[in-house]
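The values are calculated or read from the model by the stated rules, or taken from the named source; none is laboratory data. Worth saying up front: this structure is predicted, and the values here are computed from it rather than measured. Quick reminder, even Gly has a Cβ in these numbers, built from the backbone with ideal geometry, and neighbours come from all protein chains shown.
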Amino acid sequence: MPPLPKRKRSKSRVGTHRAHQHRTLAPLVECPRCRQAMKPHHACASCGFYRGRDALRMDSDLS
């Protein structure tokens, strides 16, 4: 049988324990071509631009 906690953790202690587990917003930068918000060091989701070239081939570019 595994060991069990001796006493119930109070709400205050649980909150203190989880204080560092909050979510943070991802940092965003502006795409140099289309000015949309994008993740740093990733290709732009709206235009596919990354480091001065088209990294992703978009469906709209094929026609």
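Residue-wise test of (1) in contact with a Pro (Cβ under 9 Å, 6 or more places away or on another chain); (2) touching a residue at least 12 places away in the same chain (Cβ under 8 Å); (3) not hydroxyl-bearing (Ser, Thr, Tyr).
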{"site": "Pro2", "(1), (2), (3)": "no, no, yes"}
{"site": "Ser10", "(1), (2), (3)": "no, no, no"}
{"site": "His20", "(1), (2), (3)": "no, no, yes"}
{"site": "Arg35", "(1), (2), (3)": "no, no, yes"}
{"site": "Phe49", "(1), (2), (3)": "yes, yes, yes"}
{"site": "Asp54", "(1), (2), (3)": "no, no, yes"}
Next item on the list: Restrict the check to segment 12-25 and report whether at least one residue is part of a loop (DSSP other than H, G, I, E, B) and modelled with pLDDT of 95 or more.
Entry: no
Checklist line | Of residues in segment 35-55 being surrounded by 13 or more Cβ atoms within 10 Å (Cβ to Cβ) and part of a loop (DSSP other than H, G, I, E, B), the one modelled with the lowest pLDDT | finding: Ala55
